[in-house]
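Engineer: Okay, handing you the structure first.
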Amino acid sequence: MIDLRSDTVTRPSPEMRRAMVDAPVGDDVYGDDPTVRRLEHVVAEALGKEAAVFMPTGTMTNQVAIRAHTEPGDRIVMEGSSHVVRSEGGAAAALSGVTVHPLSGRAGLFGADDVRAALGSAHPFNPSTLTPPATLLCVENTHNAGGGSIWPVDELDAVADVARERGLAVHLDGARLWNAAVATGIPERRYAEPFDSVSVCFSKGLGAPVGSALAGSLTFIARARRFKQVFGGGFRQAGMLAAAALFALEHQRDDLARDHENARRLAEGLAGLDNVRVAAHTVATNILRFEVGLDAAAFVESCHHRGLHLLPVGPGMVRAVTHRDVSAEDIEEALRILSAVLAPLAPSEAT
Ligand SMILES: *Cc1c(COP(=O)(O)O)cnc(C)c1O
């Protein structure tokens with residue numbers, strides 16, 4: 001089975017498993033797990049922040065950030081197809097009691113004007129007590145539902161500036177920030193610069209089995225540690241998991257370039273097939289979205305029968321994500337399967 005559902009399906013390599021087994025551990029709740037501490041130090045350094053805290057999932061790092069930046073009743077502004085909105089089980093409402101103010105993005109990106117419009121302007125006829133106070137802006141880079149799109153750095157600076165002028169905190173969901181950095185050569189710390197807090201994942205393309213980190217100032221991370229515990233994220237000999245994340249950062253980060261090449265090759269191959277629409281030139285990292293001329297669920301099932309696992313993400317929309325456990329040869333085989341599933345639809349329907 002060629003599994004292109006997500007880059008989360010990657011399995012730890014034998015070397016990574018060895019690093020996990022050999023890791024010195026302590027009790028992370030007591031703050032004395034040496035491997036967790038080393039990972040937190042490495043991540044804070046990579047993101048140019050004072051501190052970082054290791055957690056089990058990216059949902060938890062995002063939600064702890066939201067809880068730490070807001071009070072119940074607040075409004076958080078972000079693009080409407082963000083992971084926080086679509087794929088975190090309604091956690092922002094359930095755990096932090098905040099309202100999401102969704103922006104309509106272009107491939108997940110928006111501009112300073114969109115933020116200005118969302119925040120509105122003070123007017124004496126418009127009592128400020130009516131509107132839930134906006135206290136946080138969230139940005140996702142790369143943008144998952146936007147097809148792995150990358151934010152230009154000056155656009156990040158611009159939206160963060162507008163938010164900060166209006167007193168909002170700014171949070172970056174950088175689950176795949178590593179992909180952006182490898183694709184553009186712009187270091188993670190530069191992407192992280194305009195943000196008060198940054199969440200990153202080790203369990204996606206980097207290939208670790210579990211784990212995310214949240215980075216920010218010393219005082220912010222101290223507050224985040226409290227909510228990590230509140231949300232049930234106090235994990236004990238977590239050094240075994242931190243060792244996998246460290247191994248991924250040190251040995252597997254640069255491999256993401258290969259995933260990007262494979263995604264481009266898949267997009268180009270798809271663009272040459274009938275009954276499919278794909279904007280091959282927009283593939284920036286390892287995520288590819290394409291439109292098929294029939295029900296996506298039925299299409300994905302046909303591919304699955306032939307040994308290719310994809311994800312339906314809309315009525316006619318399908319997602320494919322490349323990762324370290326699929327090779328260039330797997331991509332060629334995936335294209336043969338896609339071609340076979342798409343081909344029978346062509347001439348009879350056209351005439
Ligand atoms: C995967 C992902 C997360 C975190 O997901 P977990 O499965 O909870 O680790 C957060 N944001 C984005 C954009 C993601 O793709």
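Engineer: Of the residues Ala192, Ala145, Ala183, only one is touching a residue at least 60 places away in the same chain (Cβ under 8 Å), open to solvent by 30 Å² or more (accessible area, probe 1.4 Å) and within 16 Å of the ligand (Cβ to nearest atom); which?
Structural biologist: None of the other options fit; the residue is Ala183.
Engineer: Look at Thr135 and say whether it is at pLDDT below 95 and more than 25 Å from Gly314 (Cα to Cα).
Structural biologist: Details: at pLDDT below 95: no; more than 25 Å from Gly314 (Cα to Cα): yes.
Against the criterion (at pLDDT below 95 and more than 25 Å from Gly314 (Cα to Cα)), Thr135 does not qualify.
Engineer: Could I ask something else about it? Could you please tell me which pairs satisfy a Cβ distance under 9 Å, a separation of 6+ or placement on different chains, a first residue in segment 152-177 that is more than 23 Å from Gly58 (Cα to Cα), and a second residue that is open to solvent by 20 Å² or more (accessible area, probe 1.4 Å) and within 16 Å of the ligand (Cβ to nearest atom)?
Structural biologist: If the second residue must be open to solvent by 20 Å² or more (accessible area, probe 1.4 Å) and within 16 Å of the ligand (Cβ to nearest atom), the pairs left are Glu155/Leu109.
Engineer: Is there any pair linking a residue in segment 34-60 that is of a type in the set (D, E, K, R) to one that is within 16 Å of the ligand (Cβ to nearest atom), with Cβ under 7 Å and at least six apart or on different chains, and which?
Structural biologist: Glu40/Ala52; Glu40/Val53; Glu40/Phe54; Glu40/Ala213; Lys49/Ala192; Lys49/Val198; Lys49/Ala215
Engineer: Kindly indicate whether any position in segment 341-350 is of a type in the set (Ser, Thr, Tyr) and over 21 Å from the mean Cα position of the chain (by Cα).
Structural biologist: Looking through segment 341-350, at least one residue is of a type in the set (Ser, Thr, Tyr) and over 21 Å from the mean Cα position of the chain (by Cα).
Engineer: So, in segment 148-169, of the ones that are of a type in the set (Val, Ile, Thr) and more than 16 Å from the ligand (Cβ to nearest atom), which residue ends up farthest from Val43 (Cα to Cα)? Steps first, please.
Structural biologist: Residues of segment 148-169 that are of a type in the set (Val, Ile, Thr), as a first pass: 150, 153, 159, 162.
Those left that are additionally more than 16 Å from the ligand (Cβ to nearest atom): 153, 159, 162.
Working: Val153: 20, Val159: 24, Val162: 27 Å.
Here the answer is Val162.
Engineer: In segment 195-243, what residues are of a type in the set (Phe, Trp, Tyr), within 13 Å of the ligand (Cβ to nearest atom) and closer than 28 Å to Thr135 by Cβ?
Structural biologist: Of all residues in segment 195-243, those of a type in the set (Phe, Trp, Tyr) come to 195, 202, 220, 227, 231, 235.
Okay, now just the ones that are also within 13 Å of the ligand (Cβ to nearest atom), so 202, 231.
Matches in segment 195-243: Phe231 only.
Engineer: Separate question: Quickly run through segment 142-154 and pick out the residues that are outside any loop (DSSP other than H, G, I, E, B) and over 17 Å from Glu193 (Cβ atoms).
Structural biologist: Filtering segment 142-154 down to residues outside any loop (DSSP other than H, G, I, E, B) leaves 143, 149, 153-154.
Within segment 142-154, His143, Ser149 meet the criteria.
Engineer: Suppose we filter segment 92-141 for residues that are closer than 19 Å to Asp196 by Cα and free of Cβ contacts under 8 Å to residues at least 24 places away in the same chain; how many remain?
Structural biologist: Final tally of qualifying residues: 0.
Engineer: Name every residue in segment 226-252 that is farther than 17 Å from Gly58 by Cβ and of a type in the set (Lys, Arg), in order of residue number.
Structural biologist: Once the filter is applied, which keeps residues that are farther than 17 Å from Gly58 by Cβ and of a type in the set (Lys, Arg), segment 226-252 yields Arg226, Arg236.
Engineer: Test of understanding: among Arg289, Arg253, Arg265, which residue is touching a residue at least 12 places away in the same chain (Cβ under 8 Å), basic (Lys, Arg) and within 16 Å of the ligand (Cβ to nearest atom)? First the steps, then the outcome.
Structural biologist: On the way: Arg253 fails: within 16 Å of the ligand (Cβ to nearest atom); Arg265 fails: within 16 Å of the ligand (Cβ to nearest atom).
Being touching a residue at least 12 places away in the same chain (Cβ under 8 Å), basic (Lys, Arg) and within 16 Å of the ligand (Cβ to nearest atom) holds for just one of Arg289, Arg253, Arg265, which is Arg289.
Engineer: Here is a follow-up. Of everything in segment 239-253 that's more than 9 Å from Val210 (Cβ to Cβ) and aliphatic (A, V, I, L, M), which residue is most open to solvent (accessible area, probe 1.4 Å)?
Structural biologist: Here the answer is Met240.
Engineer: Now, a different point. Looking at Leu273, Leu342, Leu288, which one is over 25 Å from Lys204 (Cα atoms), of a type outside the set (Phe, Trp, Tyr) and not in a helix (DSSP H, G or I)?
Structural biologist: On the way: Leu342 fails: not in a helix (DSSP H, G or I); Leu288 fails: over 25 Å from Lys204 (Cα atoms).
Just one listed residue meets the conditions, Leu273.
Engineer: In segment 115-138, is there at least one residue being under 27 Å from Phe235 (Cα atoms) and under 21 Å from the mean Cα position of the chain (by Cα)? Outline the logic, then answer.
Structural biologist: If we filter segment 115-138 for residues that are under 27 Å from Phe235 (Cα atoms), which is where we start, we get 138.
Those left that are additionally under 21 Å from the mean Cα position of the chain (by Cα): 138.
Yes - at least one qualifying residue is present in segment 115-138.
Engineer: When you go through His41, His101 one by one, which is the residue that is touching a helix residue (DSSP H, G or I) at 6+ places or on another chain (Cβ under 7 Å) and at pLDDT 95 or above? If you could, list the steps in order and put the result at the bottom.
Structural biologist: Values: His41 fails: touching a helix residue (DSSP H, G or I) at 6+ places or on another chain (Cβ under 7 Å).
It is His101.
Engineer: Only residues that are open to solvent by 10 Å² or more (accessible area, probe 1.4 Å) and not acidic (Asp, Glu): list them for segment 195-213, please.
Structural biologist: Kept after step one, since they are open to solvent by 10 Å² or more (accessible area, probe 1.4 Å), are these residues of segment 195-213: 196, 203-204, 209-210.
Answer for segment 195-213, where residues must be open to solvent by 10 Å² or more (accessible area, probe 1.4 Å) and not acidic (Asp, Glu): Ser203, Lys204, Pro209, Val210.
Engineer: Can I ask one more? Just checking: which of the helices (runs of 4 or more DSSP H) contained wholly in segment 32-131 hold 1 or more residues that are away from the ligand (no atom under 15 Å from the Cβ) and either over 17 Å from Arg176 (Cα atoms) or open to solvent by less than 70 Å² (accessible area, probe 1.4 Å) (or both)? Outline the logic, then answer.
Structural biologist: Working: elements: 34-47, 58-69, 83-86, 91-96, 112-119.
The qualifying helices (runs of 4 or more DSSP H) are 34-47, 58-69, 91-96, 112-119.
Engineer: Further, regarding this structure: Could you grab me the full set of residues in segment 292-310 that are modelled with pLDDT of 95 or more and open to solvent by 60 Å² or more (accessible area, probe 1.4 Å)?
Structural biologist: Within segment 292-310, Glu301, His304, His305, Arg306 qualify.
Engineer: While we're on this one: Against the conditions (1) surrounded by fewer than 17 Cβ atoms within 10 Å (Cβ to Cβ); (2) part of a strand (DSSP E or B), where does Thr8 fall short? Just the number, please.
Structural biologist: Single failed check for Thr8: (2).
Engineer: Return the pairs, sorted by first residue and then second, in which the second residue is polar (S, T, N, Q) and within 11 Å of the ligand (Cβ to nearest atom), the first residue lies in segment 68-86 and is farther than 13 Å from Val170 by Cα, the beta carbons are less than 7 Å apart, and the residues are 6+ apart or on different chains.
Structural biologist: His83/Asn144; Val84/Asn62
The values are calculated or read from the model by the stated rules, or taken from the named source; none is laboratory data. Predicted, not measured: the structure shown is a model, and the values here were computed from it. No Cβ is skipped: glycine too gets one built from the backbone with ideal geometry, and neighbour counts run over all protein chains shown. When the accessible area is computed, the model is the full protein with side chains, heavy atoms only, and any ligands, DNA or RNA have been set aside. Shrake-Rupley method; radii C 1.70, N 1.55, O 1.52, S 1.80 Å.
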